[in-house]
Amino acid sequence: MKKVFALVTCFVSTIFLGAAYGQDEKTVVDKPDEWKIIHASTLIARPGETPLRQKSIIVKNDRIERIEDGYLSTLNQEGVSSVKVIDLTNAFVLPGLIDSHVHIASGDEPRNQEIGRDAYLMLNIAANADKTLNAGYTTVRTFIGPGWAVYAYRDGVEKGIFPGPRIIVAGSTIRVGTNGEGGACYDVSSCKKAVRRQIEMGADWIKLYATCSGSKPCAREHAPSVFLEEEIKAVVDAANSRQIPVAAHAHGTAGINDALRGGVRSIEHGSYNDKTSRSLFKSKDAFYVPTLSVQDRIKIDYETASDEMKPVMEAFMETHAARVAAAYKAGVKIAAGSDAAVTKHGDNARELYWYVKIGMSEAEALRSATIVNAELLQKEEELGAIEAGKFADIIAVDSDPLEDIEALADVGFVMAAGEVVKNEMGSD
Ligand SMILES: [Zn+2]
């Protein structure tokens, strides 16, 4: 009897599966490919290389198909029924920018109540994602607290349900704590468990709090590491065993260097990086995400800061920029991250202004937000440049960002994964 029932179940499932398959195939066949041609006056296809002039970028669905010389008005090829032409003949066209350090769920609209917290976080994310995308940032790596909202939003963007940017999620921060909340852990075993929990939830990255927060008095140059060496190693091993990289928040020198020795892929802030840190960055092939535009915020907050915090903030203002400059000069890979939420969502490009201010060329600053970030995120095949096969993440500005990086403060055109989400520049 059982056997007969099993057979029937199997048979019925097959019928349903067959129907579902048929439907899927039909949907795929019925949906025509969407073709677009972008006429780009100046095309900074790969920041760091010489810009190209008068090109047509041919976009098929969400990807760049190819780039051709001159301005094509149509595509004479099989399977192309209609083409949308986008006129950026008075513009500087470049790849969608990437910010490797934002807090997309936090910032301007904090209503993080205990009941329904995830739902309200979703509102924050939607508002902040909109500002970020309109500023020309088509990909972000975000750091979060506990909860599911950011995972849901990330998946919604990927499915085309929500507008971008593409979101890469680092799970709840792995930090020293015994209450079991979020990423709190206190020994090798609990830290491995905390990492695995984030991966189960869907984390793309793991974030480790290697020193205390920059808004606390313990954020000093000579503050000790908060984790033991074996715990850092356990976090990195547990993450890497699932091919998940680790980003370490670190201000004090010991925390930076211990995290680098432990094998993290990026250091966030790195305020007190020293000579040893710089050689570790290079020997470990790690990336430095300086979040230097936080300097703007520190200057504002300093006025109302407590007596305990003032010297900590003064030290940040005196040394952070100089140490980022020293790391850059030493050949450390600088990956742009703005710390949006601490800074303003939508002002992400202010970070690049700071890089130029400390001695980077405009082209290098632009590289840090495109090519270098794509490499950090291990997505160089898909992001960071306008090249055949990559995602059609394309932005435009009306003055040359290689002359003045502040041109990026006013992005007039944004295409994310082939969809035009903003066009204040030409006819389309
Ligand atoms: Zn941050």
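Of the strands (runs of 3 or more DSSP E) contained entirely in the range 41-123, those carrying at least 3 residues that are without any contact (Cβ under 8 Å) to a residue 60 or more places away in the chain fall at 52-60. Check the range 212-232 and report whether any residue there is surrounded by 24 or more Cβ atoms within 10 Å (Cβ to Cβ) and hydroxyl-bearing (Ser, Thr, Tyr). No, the conditions are met nowhere in the range 212-232.
With the requirement that a residue be more than 16 Å from the ligand (Cβ to nearest atom), among the small types (Gly, Ala, Ser) and either closer than 18 Å to His249 by Cα or surrounded by 15 or more Cβ atoms within 10 Å (Cβ to Cβ) (or both), what does the range 280-308 give you? Scanning the range 280-308 gives Ala286, Ala305. Screening the range 44-71 for residues that are closer than 19 Å to Val420 by Cα and among the aliphatic types (A, V, I, L, M) and picking the one that is surrounded by the fewest Cβ atoms within 10 Å (Cβ to Cβ) gives Ile67. For beta carbons closer than 7 Å, sequence separation of 6+ or different chains, a first residue in the range 168-190 that is free of Cβ contacts under 8 Å to residues at least 60 places away in the same chain and a second that is charged (D, E, K, R) and in a strand (DSSP E or B), the qualifying pairs are Gly183/Arg175; Ala184/Arg175.
Screening the range 287-326 for residues that are over 25 Å from the mean Cα position of the chain (by Cα) and of a type in the set (S, T, N, Q) and picking the one that is nearest to Ile256 (Cα to Cα) gives Thr319.
For the structure I just gave you, tell me whether Tyr120 is more than 16 Å from the ligand (Cβ to nearest atom), among the hydroxyl-bearing types (Ser, Thr, Tyr) and under 30 Å from Gly180 (Cα atoms). Yes. For the range 214-245, filtering for residues that are within 15 Å of the ligand (Cβ to nearest atom) and under 19 Å from the mean Cα position of the chain (by Cα) leaves 0. Regarding Thr291, is this residue under 30 Å from Lys193 (Cβ atoms) and among the polar types (S, T, N, Q)? Yes.
If the condition is being over 19 Å from the mean Cα position of the chain (by Cα) and surrounded by 19 or more Cβ atoms within 10 Å (Cβ to Cβ), then the range 193-207 contributes Ala194, Val195. Please work out if Val102 is among the aliphatic types (A, V, I, L, M) and assigned by TED's automatic domain parsing to the domain that holds Arg117. When the stated conditions are applied, Val102 passes them. Among the residues examined, Glu375 does not qualify as touching a strand residue (DSSP E or B) at 6+ places or on another chain (Cβ under 8 Å), without any contact (Cβ under 8 Å) to a residue 24 or more places away in the chain, farther than 22 Å from Ile67 by Cα and of a type in the set (Asp, Glu). Among the residues of the range 252-273, those identified as without any contact (Cβ under 8 Å) to a residue 40 or more places away in the chain, within 17 Å of Ala326 (Cβ to Cβ) and over 21 Å from the mean Cα position of the chain (by Cα) are Thr253, Asn257. Before we move on, is Val342 of a type in the set (A, V, I, L, M, F, W, C) and modelled with pLDDT under 95? Yes; evaluated as a whole, the condition is true for this residue. For the range 309-428, the strands (runs of 3 or more DSSP E) that sit wholly inside it and include 2 or more residues that are surrounded by fewer than 21 Cβ atoms within 10 Å (Cβ to Cβ) and either more than 16 Å from the ligand (Cβ to nearest atom) or hydroxyl-bearing (Ser, Thr, Tyr) (or both) are 419-423.
The values are calculated or read from the model by the stated rules, or taken from the named source; none is laboratory data. Remember, predicted model here, so these are calculated numbers, not experimental data. With ideal geometry, Cβ positions are generated from the backbone for all residues, glycine too; neighbour counts draw on all protein chains shown.
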